[in-house]
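Colleague: One structure, pasted below without further comment.
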Amino acid sequence: MSKQKVSIIGAGLSGSLLSIYLAKRGIECDIYEARGDMRESEMSAGRSINLALSNRGIAALKEVGLDDYMLSQAVPMYGRMIHNFDGTTKLLPYSGRSGEFINSVSRSGLNIALMNEAEKYAGVKFLFNEKCVDFDCKSGEAKFESGKIAKGDTVIATDGAGSVIRSAMMNGGVPRFNYSQTWLEHGYKELHIPPKEISDFKFQISDSKSDDSFQMEKNALHIWARGSFMMIALPNFDGSFTCTLFLAHKGENSFESISSGNFSRRLTQINADRKNYFDLSAKSAKSAAEISLLEFFETNFADAIPLMPTLVEDFFTNPTGNLGTIKCFPWNAGGKSLLIGDSAHAVVPFYGQGMNASFEDCRILNELIEHRGTDWETVFDEFTLLRKPNADAIAQMAEENFFEMRDAVADPVFQKKRELETRLEQTFPDYFSKYSMVTFREDLPYAVAKEKGNAQDKLLMEICAKIDDVSKLDLNEVIKKIKKI
Ligand SMILES: Cc1cc2nc3c(=O)[nH]c(=O)nc-3n(C[C@H](O)[C@H](O)[C@H](O)COP(=O)(O)OP(=O)(O)OC[C@H]3O[C@@H](n4cnc5c(N)ncnc54)[C@H](O)[C@@H]3O)c2cc1C
């Protein structure tokens, strides 16, 4: 293999991981990042944003030797903790097999670990505050706001959902370039539940991050499923939780109805002890919008409010993000450029797979280089054909999972189906639910998981709609039916 130099655009999760893979092959990498070095601003970065890391992502981290370190920094989540309106909770395990769980990791912690690892290789150079503004698909030159021009043997774009390289490919760089972007009517906002000692004066301040530091069950992904909207919370290593509220931008129960002070469902629905708490909060609320927010939370997430002392501040300070799916084809301009990660296939976050899929991209690309060398056009063509059907499959499953999370998890038939799936997984080692195939089977392409999983789901929902008690089902009969699909 002749000495190669690759320009990577974007030092996020995909770009940083990819640079390690390439550096391990002796390929030189310059990684251009629009933002500053997050390692320098990390001290003041404040609250953590977290991600669910699962098997596909872990498989890639293992290949670059970072799996043990990242898992030591992660909080395992064994199931979904469903929070009902009345404050009761129920844990729905992710799998019936032990050892199958997802991991909450800090996004910046993971990005920093990847960059630190990459920098151990002589050929890797990160260039921060270098915003790419254009790309010439014929010459392969990437242009930066600073006036810099990068030209290596090829350019790999890991510049995320708003990719500038993709725009250049679309705007005449690649003939017949297909592109679609579908926005959800829902957006998201990150909120915060601090560790116990900070929010609850009854607890002594301590350095220990034991289970006692968490205000809710530590080892679960918490979900408040409320039909047309929901809130989730993932645990952080420091005892806090990062909550994400998914809500329509406009209409009833929306970011707009809260911010305009128009959400109101009067206090008749709030039980006596909660009303006390609400009255206190409402008294200190300064505006109609703040009162609207508190009413909305009291009505829908009453058990979460006492855990969120900075709710009002967080809600009105933190940005509202958009959620969408981006699809495009092809992913490469011959051998001049390749899109990878969110730049090629941004998906909505409801399967917790965007980063995992992006890491799988890096793993598969590395395998292709292993077999084809650095004939970039051949490698990129093959990569695109291999990955595109899988990216489309996870995009669709992620959109469908929004309905499952916000709606179906509270549906009794769905809960029976999860119970049945757990029993099947406990009994038959070769049975995997759709969720398990997507999340725990790095050996199975997403497209296969989708096809098999949908057929299984249909059958199990039909069975569960007809029964009251899952424990009375003959599991051998059920598995026979599944094997006939
Ligand atoms: C609310 C939410 C929750 C999520 N939760 C999960 C989860 O639990 N599990 C999971 O697997 N995935 C999750 N995801 C998806 C995950 O965040 C993405 O799939 C992942 O970040 C993609 O990585 P990337 O490196 O391709 O892109 P990004 O992480 O977006 O990184 C792109 C990088 O490129 C840089 N950049 C952008 N433009 C330029 C430019 N012009 N020039 C130079 N640099 C540039 C950016 O600054 C950034 O550093 C979630 C996403 C959202 C929105």
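Colleague: Check P429 against each of (1) in a helix (DSSP H, G or I); (2) over 26 Å from the mean Cα position of the chain (by Cα) and name the one condition it does not meet.
Modeller: (1)
Colleague: Checking T310 against (1) open to solvent by 10 Å² or more (accessible area, probe 1.4 Å); (2) within 16 Å of the ligand (Cβ to nearest atom); (3) touching a His at 6+ places or on another chain (Cβ under 9 Å); (4) in contact (Cβ under 8 Å) with a residue 60 or more places away in the chain: exactly one of these is not met. Which one?
Modeller: Every listed condition holds for T310 apart from (2).
Colleague: Kindly provide the set of residues from the stretch 322-347 that are near the ligand (Cβ under 8 Å from one of its atoms) and under 21 Å from E404 (Cα atoms), ordered by number.
Modeller: Residues satisfying the conditions are L323, A346, V347.
Colleague: Could you count how many residues in the stretch 153-191 are away from the ligand (no atom under 14 Å from the Cβ) and more than 20 Å from G12 (Cα to Cα)?
Modeller: 15
Colleague: When F246 is evaluated against the numbered criteria (1) assigned to a loop (DSSP other than H, G, I, E, B); (2) at pLDDT 95 or above; (3) crowded, with 19+ Cβ neighbours inside 10 Å, which criterion, by number, is the only one it fails?
Modeller: The single condition F246 does not satisfy is (1).
Colleague: Here's a follow-up. Pick out the one residue from E360, E295 that is away from the ligand (no atom under 16 Å from the Cβ) and part of a helix (DSSP H, G or I). Working first, answer last.
Modeller: Working: E360 fails: away from the ligand (no atom under 16 Å from the Cβ).
Selected residue: E295, the only one of E360, E295 that is away from the ligand (no atom under 16 Å from the Cβ) and part of a helix (DSSP H, G or I).
Colleague: On to the next question. Conditions first: (1) more than 27 Å from E217 (Cα to Cα); (2) touching a Gly at 6+ places or on another chain (Cβ under 9 Å); (3) part of a loop (DSSP other than H, G, I, E, B). S7 passes all but one, so which condition is the exception?
Modeller: The one condition S7 does not meet is (3).
Colleague: If you don't mind, another one. What are the pairs, 6+ residues apart or on separate chains, where a residue within the stretch 346-365 that is at positive phi has its Cβ under 6 Å from a residue that is open to solvent by 10 Å² or more (accessible area, probe 1.4 Å)?
Modeller: G352/A52
Colleague: Give the residues of the stretch 231-241 that are of a type in the set (A, V, I, L, M, F, W, C) and at pLDDT below 95, sorted by residue number.
Modeller: F237
Colleague: Looking at the stretch 222-261 only, could you name the residues that are basic (K, R) and more than 23 Å from S287 (Cα to Cα)? Outline the logic, then answer.
Modeller: The first filter runs over the stretch 222-261 and keeps only residues basic (K, R), leaving 226, 250.
Matches in the stretch 222-261: R226 only.
Colleague: Pairs please, first residue from the stretch 1-20 and within 11 Å of the ligand (Cβ to nearest atom), second anywhere and open to solvent by 10 Å² or more (accessible area, probe 1.4 Å) and in a helix (DSSP H, G or I), Cβ atoms under 6 Å, 6+ apart in sequence or on different chains.
Modeller: L13/M355
Colleague: Of all the strands (runs of 3 or more DSSP E) wholly in the stretch 67-158, which have at least 3 residues that are open to solvent by less than 20 Å² (accessible area, probe 1.4 Å), touching a residue at least 40 places away in the same chain (Cβ under 8 Å) and over 30 Å from G172 (Cβ atoms)?
Modeller: In the stretch 67-158, the matching strands (runs of 3 or more DSSP E) lie at 79-83, 102-106.
The values are calculated or read from the model by the stated rules, or taken from the named source; none is laboratory data. As the structure is a computational prediction, the values presented were derived from the model and not from experiment. Heads up, the Cβs are rebuilt from the backbone with ideal geometry, glycines too, and the neighbour counts pull from every protein chain shown. Accessible surface is based on the protein model in full, side chains and every heavy atom, while ligands, DNA and RNA are left aside. Shrake-Rupley method; radii C 1.70, N 1.55, O 1.52, S 1.80 Å.
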